[in-house]
Amino acid sequence: MEPRRERNVQVVVFAVFGLAASAEAVAIATGGVPGLRELAAGAMLFALVVASRLFPLHIGYKRKMLTDSGSLFAAALVLQPWLAGAVAAGGMGAAELVSQRTGARSLKQLVFNSSQRLLSVMAAATVFHALTAEPLTEPGVSLGMAATVAVGAMFVTNDLLLLGVIFAQVGRSILRDWLVDRSDIPYDLALYASGFVVALAASFHLWLLPLLVFPIAVFHRAMRTQVTLRTQTREAVEALADVVDMRDPYTFNHSHRVAEFVRGIGVHLGLSQDVVEEIAAAARVHDVGKIGVRDAVLLKAGPLTDEEYAEIKRHPDIGAKLTARFPDFARGTAYIRHHHERWDGRGYPQGLRGQQIPLGARIISVADTYDALTSSRVYRSALDEDVARAELARVAGTQLDPEVVTAFFAFKGWVPAGIGQTNASRATAPVSTTPV
Ligand SMILES: [Fe+2]
């Protein structure tokens, strides 16, 4: 990550931690001493939070989902705010200690996550207890309403803080891409609902609280089956991409190489690991739509007719249609659809220009172009590295995003000379840089 963004992230993490510590201190000062019953409930919920965090679900490309929302929400309902906050942050810290997953790099992440959870749980607890006279001792008609408002408070606090740190990390240019991604909300809401029901039952009989483990376990199992299915489907699509690579002897292993270049560019652009991996996953299958292009066109040795070129140009849309079946891969699908757009707006399928083109698509485009230049094609043999480098520099700013080309040069350890400028001293005529 570039130093400025690294510093921004540190400022946000420090601010959120400061806010969490102050909120907890104020809540302790104004809160009461918990009775034995509340302490017992706190201990049970603490154990549930730790257990939930020890078994994260990997629901997508480097995306984790945790099933602790139900227990945390129950904590917000049955405990006073400071104790609910302590259960949230303490449970998270204890789970990390037990699993030993926290290295030096992710310590910052742990501090942020714990503070974020503490603040959102305290927000929910404060709102809920302000709206109900006593914590769940007098269930009335307003109970459901109070719980709903508490859920809202927890979501808003959580997401606002998350947005802050993502903004500091990636900047405005790709923040838009991240805003659409809350596909896990329905699952989260189901967990909140079970937290509410069990908290309600526990207000009559405290020993019912551990029953929360059952809906969480059922949820966990169902999700795991779904994740397995998704992984298998994704692997099938990747296998299809390999078939496309193999169909054309000139593109053997093409998508593997493009994915590797994408990783190099992503790191040099300072993108987070998650973002880089998502773009690399899209790079692996970026040409999968060629499955819908006839051999006679795809493997044609001579120049293409207008009709044949139009057929080739359908492959980004065909590929995007295929991957659109994965709801958690919406951004990847956009990268596939737009990997043949040009920086100057003269690409296809939609003629987007500049920043309108999703960043992932701009990155894949640079990697794809370089690999096309340095691989043998039916119509020409592979160019050597110097010629390919000069070509990339020449088309930066017209075909390709110059910032991404600069990052690719940095990844390759090349001097970023002449990017975006026409090289008048070129000995040879420009080669076709448009990958098909
Ligand atoms: Fe393509």
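If packing is taken as the average number of other Cβ atoms within 10 Å across a peptide's residues, how do 14-24, 260-270, 66-76 rank, most packed first?
Values: 14-24: 16.5, 260-270: 21.0, 66-76: 28.6.
For the peptides 14-24, 260-270, 66-76, the packing ranking is 66-76, 260-270, 14-24.
I need the per residue convex hull volume for the stretch 268-360, using only the alpha carbons, in cubic angstrom as a whole number.
116
Could you list which residues have their amide H under 5 Å from that of residue 396, counting only those 5 or more apart in sequence or on another chain, with H placed in the peptide plane?
The answer is 420.
What share of all Cα pairs of the stretch 237-412, in percent, falls into each consecutive 10 Å distance bin?
Using 10 Å bins, I get a P(r) of 11, 39, 41, 9, 0 for the stretch 237-412.
Taking R0 as 35 Å, what's the FRET efficiency between residue 314 and residue 10 from their Cβ-Cβ distance, rounded to 0.05? Walk me through the numbers before you get to the answer.
Details: r = 47 Å, r/R0 = 1.33.
About 0.15, to the nearest 0.05.
Taking just the alpha carbons, could you work out the radius of gyration and Dmax for the stretch 339-418, both in angstroms?
12.4, 34
Which residues does the label zone of residue 29 cover in the stretch 75-89, counting backbone N under 20 Å from a point 7 Å along Cα→Cβ?
80-86
Bear in mind that the values in this text are calculations on the coordinates, not laboratory data. Everything numeric in this text was worked out from a predicted model, so none of it was measured. Here the Cβ is made from the backbone with ideal geometry for all residues, glycine too, and neighbour counts use every protein chain on show.
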